[in-house]
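The structure appears below as structure tokens.
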Amino acid sequence: MAATSKILTTSLVAALVLSVPAIGAETMTTEEIKNGFHKHAALTQLHRWYLLYEEPKYGIDNQLDILDTNVTIKSGLGEATGHEQYAERVRQIPASWQNAHDVKSTDMTIGEDGSVNLMATITYLNKGVLEDGGVRSAELSYTTTLAPTDTVLPKFTSIEIVQDSDGTAAEFVSEYGNNRMRSLVHYWLALIEDPSRNPEPVKEILADDFSLNFSSGAITDFDGFKAWLTGPASAVVASTHKISDFSQESVGDNEYRVSMTFDWNGILPDQTEMTAKTRHTWLVVDDPSERFARIKTVDVEVIEPFRPKG
């Protein structure tokens, strides 16, 4: 009976890896695997932070959605506490400015309660502040804390921004598409890695006519997705994905093509650690006024099959 159970479990997890964002080559610790969904959730909120500054249609309500009601925000512009003070500060930013935020590195620690200390370095570009029409460039360091909520997404309780350099750039390069797509990908991963296996939040990031073309077959309705998430996807007790080779491009009509490699690590019920690697290509539709863009299609290529570590 035990042998039969092991075969069934392995079969289910194989379906998970071959049909969804899988991963492999990079080794992770058990703790990193178990905390992976917390990290993806925090990175979701980090990339969302930049969207209001890069695309005004995103709206202040979506921005406040990522902030605790008593958040403290410190930067060269001063200090703001709470939603009202922060919103007033945002209203003072000239609408004519163009802003871009290129996230260069992140580092975080996860508390036992799901709280996160997140540090990031970015390159910031601005077109509009310089009177000669040039592009201002600055290196910024972020020190932030996020507190868990009743959803998978935490909220910022503090954000401190320090400017490390000041200069100019040859040209302005938009980062909206990059931050918008990365926030979507990290949110997808947070939701499918979350041990609660709650499918309902995923509705928000699926287009009406979505098709998830996994190796085990296409999923084209929400009932099919729920069956996958509570079936093959739940055959591991913990799993996480590491993203590499990420790229995105606008393909017109508010659509983006996103390509990336996932290195997947998972833990079976018997504590065997598994690994795999896949290549994903997504077609995404974007209404900038919504919290997230939406997945229209997913196509998966298996690069390294599901297997035990080592």
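The values are calculated or read from the model by the stated rules, or taken from the named source; none is laboratory data. As the structure is a prediction and not an experimental result, all values here were calculated from the model. For neighbour counting, all protein chains shown are included, and Cβ atoms are generated from backbone atoms with ideal geometry for every residue, glycine included. With ligands, DNA and RNA removed, areas are computed over all heavy atoms of the protein, side chains included. Shrake-Rupley method; radii C 1.70, N 1.55, O 1.52, S 1.80 Å.
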Residue satisfying condition, being small (Gly, Ala, Ser), assigned to a strand (DSSP E or B) and open to solvent by less than 60 Å² (accessible area, probe 1.4 Å), within set Ser234, Ser244: Ser244
Count of region 200-224 residues which are at pLDDT below 95 and open to solvent by less than 20 Å² (accessible area, probe 1.4 Å): 1
Out of curiosity, is Leu189 open to solvent by less than 60 Å² (accessible area, probe 1.4 Å), in contact with a Gly (Cβ under 9 Å, 6 or more places away or on another chain) and either modelled with pLDDT under 95 or not in a strand (DSSP E or B) (or both)? yes
Pairs under 7 Å by beta carbon, first residue among the small types (Gly, Ala, Ser) in region 195-211, partner open to solvent by 80 Å² or more (accessible area, probe 1.4 Å), six or more apart or different chains? Ser211/Thr220
Condition test on Val103, is it under 23 Å from the mean Cα position of the chain (by Cα), outside any helix (DSSP H, G or I) and within 25 Å of Ile33 (Cβ to Cβ)? yes
Determine whether Val302 is part of a strand (DSSP E or B), of a type outside the set (S, T, N, Q) and modelled with pLDDT under 95. yes
Does Val162 satisfy the criteria of being over 27 Å from Asp287 (Cβ atoms), surrounded by fewer than 19 Cβ atoms within 10 Å (Cβ to Cβ) and out of contact with any His (no Cβ under 8 Å at 6 or more places or on another chain)? yes
Could you list, in sequence order, all residues of region 236-263 that are under 21 Å from Ile303 (Cβ atoms), of a type in the set (A, V, I, L, M, F, W, C) and either out of contact with any Asp or Glu (no Cβ under 9 Å at 6 or more places or on another chain) or modelled with pLDDT under 95 (or both)? Val236, Phe246, Phe262
When Gly310 is evaluated against the numbered criteria (1) of a type in the set (Gly, Ala, Ser); (2) part of a loop (DSSP other than H, G, I, E, B); (3) surrounded by 14 or more Cβ atoms within 10 Å (Cβ to Cβ), which criterion, by number, is the only one it fails? (3)
All conditions in (1) under 16 Å from Ser105 (Cβ atoms); (2) in contact (Cβ under 8 Å) with a residue 60 or more places away in the chain; (3) open to solvent by 20 Å² or more (accessible area, probe 1.4 Å); (4) of a type outside the set (Ser, Thr, Tyr) are true of Glu139 except (2)
Please verify whether region 87-98 includes one or more residues that are in contact with a Pro (Cβ under 8 Å, 6 or more places away or on another chain), within 25 Å of Leu130 (Cβ to Cβ), in a loop (DSSP other than H, G, I, E, B) and not acidic (Asp, Glu). yes
For region 86-94, check the following and say yes or no: at least one residue is crowded, with 20+ Cβ neighbours inside 10 Å, hydrophobic (A, V, I, L, M, F, W, C) and touching a Phe, Trp or Tyr at 6+ places or on another chain (Cβ under 8 Å). no
If Leu229 meets every condition in (1) assigned to a helix (DSSP H, G or I); (2) open to solvent by 10 Å² or more (accessible area, probe 1.4 Å); (3) touching a residue at least 24 places away in the same chain (Cβ under 8 Å) apart from one, which number is that one? (2)
Flagged in region 274-290 as out of contact with any Ser or Thr (no Cβ under 9 Å at 6 or more places or on another chain) and open to solvent by 30 Å² or more (accessible area, probe 1.4 Å), in numbering order, are Val285, Asp287, Ser289, Glu290
